[in-house]
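As structure tokens, the structure follows; a few thoughts come after it.
The values are calculated or read from the model by the stated rules, or taken from the named source; none is laboratory data. Treat the numbers as computed from the prediction; the structure is a model and nothing was measured. Glycine gets a Cβ as well: all are built from the backbone with ideal geometry, and neighbour counts include every protein chain shown. In case anyone asks, the SASA skips ligands and DNA or RNA and just uses the protein heavy atoms, side chains included. Shrake-Rupley method; radii C 1.70, N 1.55, O 1.52, S 1.80 Å.
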Amino acid sequence: MSDLENFDPDWLALREPLDHATRSARLEELLVPALADRPALRIVDLGAGSGSTLRHLAPRLAELGVDAEQHWLLVDHDEELLQRALATPVPAATSVRTARADLGDPDALRSVLTGADLVVGSALLDVLSAAVADTLLDGLSALAPRPAVLFVLTVTGGATTEPPAPEAAAGFDADQRSHGLGPDAVEFCVAGFAARGWTVEREPTPWRLADSPLLQEWARGWFGAAGIEAPAVTSAVVPHEDLLVLP
């Protein structure tokens, strides 16, 4: 899958509780009317990893009154993570399949997106290049009818720590931009969706980290990407943003 790196399953498991707690409840509620009056929903999760979005959103939709059957297609390039996702317990009337696809390949993208009622992705947009993001937005926009789209937990840069480390923030953001859209992803995609005739709702969803194993592991990677040895930090705020995109 173009642009996407392999992620450590232990890191994904460590961050999952905070990811679930941080996601925008308001945007999930706004999503519900777009899914109404359907006996079944085909949901495509791009960059699905080990299935975190499935574990959160499948029961959340039911909680919000979406009583349709849910048929999930989990798309990722990492077969090991997809196998872990298949072990996820899911609510009744929910089925799960997996697929490997290159998001930069229009034909492969079409094959997984066709027929989708909802397309979701978590911590995805910032790791895409501009070219792959454009291909993705083109692919979504070519669908008829267009699905609802929910992209969550996209990094927007400018993380802060205590004690402060502004040089690490600048270094990390520069490193992210060298691999993909990085902290520019939200603005790039909001503009791209708007230009293609979509309606976009957005909400900041920052991580707020107190002293914990998650903070220490995050700090190790954050300072490391900036080329700085990680000092002891006691807290951090890591900006993210969620996007709900409707036809």
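Checking residue 232 against (1) in contact with a Pro (Cβ under 9 Å, 6 or more places away or on another chain); (2) at pLDDT 95 or above, which test does it fail?
Exception for residue 232: condition (2).
Could you check the stretch 102-125 and list, in sequence order, the residues that are open to solvent by 10 Å² or more (accessible area, probe 1.4 Å), in contact (Cβ under 8 Å) with a residue 24 or more places away in the chain and farther than 18 Å from residue 54 by Cα?
Once the filter is applied, which keeps residues that are open to solvent by 10 Å² or more (accessible area, probe 1.4 Å), in contact (Cβ under 8 Å) with a residue 24 or more places away in the chain and farther than 18 Å from residue 54 by Cα, the stretch 102-125 yields 102, 104, 105, 106, 110, 114, 115.
Quick check on my filter: what residues within the stretch 141-175 are buried (at least 18 other Cβ atoms within 10 Å of the Cβ), small (Gly, Ala, Ser) and within 25 Å of residue 52 (Cβ to Cβ)?
Within the stretch 141-175, 148, 157, 159 meet the criteria.
Restricting to the stretch 197-236, name every residue that is surrounded by 13 or more Cβ atoms within 10 Å (Cβ to Cβ), of a type in the set (Val, Ile, Thr) and touching an Asp or Glu at 6+ places or on another chain (Cβ under 9 Å).
Across the stretch 197-236, the qualifying residues are 205, 228, 233.
If residue 131 passes every condition in (1) in a helix (DSSP H, G or I); (2) open to solvent by less than 20 Å² (accessible area, probe 1.4 Å) but one, which one does it miss?
Condition (2) is where residue 131 drops out.
Which condition number does residue 63 fail, the rest of (1) of a type outside the set (Lys, Arg); (2) open to solvent by less than 50 Å² (accessible area, probe 1.4 Å); (3) out of contact with any strand residue (DSSP E or B) (no Cβ under 6 Å at 6 or more places or on another chain) being met?
Looking at each condition in turn, residue 63 falls short on (2).
Can you spot a residue in the stretch 83-95 that is hydrophobic (A, V, I, L, M, F, W, C) and at pLDDT 95 or above?
The answer is no; no qualifying residue exists.
If I ask for residues that are surrounded by 15 or more Cβ atoms within 10 Å (Cβ to Cβ), assigned to a helix (DSSP H, G or I) and not small (Gly, Ala, Ser), which ones from the stretch 178-194 would you list?
Once the filter is applied, which keeps residues that are surrounded by 15 or more Cβ atoms within 10 Å (Cβ to Cβ), assigned to a helix (DSSP H, G or I) and not small (Gly, Ala, Ser), the stretch 178-194 yields 183, 184, 186, 188, 189, 190, 193.
So residue 53 ticks every box in (1) open to solvent by 60 Å² or more (accessible area, probe 1.4 Å); (2) touching a strand residue (DSSP E or B) at 6+ places or on another chain (Cβ under 9 Å) but one. Which box is left unticked?
(1)
May I ask you to list the residues in the stretch 6-50 that are part of a helix (DSSP H, G or I), open to solvent by 70 Å² or more (accessible area, probe 1.4 Å) and not hydrophobic (A, V, I, L, M, F, W, C)?
If the condition is that a residue be part of a helix (DSSP H, G or I), open to solvent by 70 Å² or more (accessible area, probe 1.4 Å) and not hydrophobic (A, V, I, L, M, F, W, C), then 10, 17, 26, 29, 33 are the ones that fit.
Conditions first: (1) outside any helix (DSSP H, G or I); (2) open to solvent by 10 Å² or more (accessible area, probe 1.4 Å); (3) over 25 Å from residue 11 (Cβ atoms). Residue 70 passes all but one, so which condition is the exception?
Exception for residue 70: condition (2).
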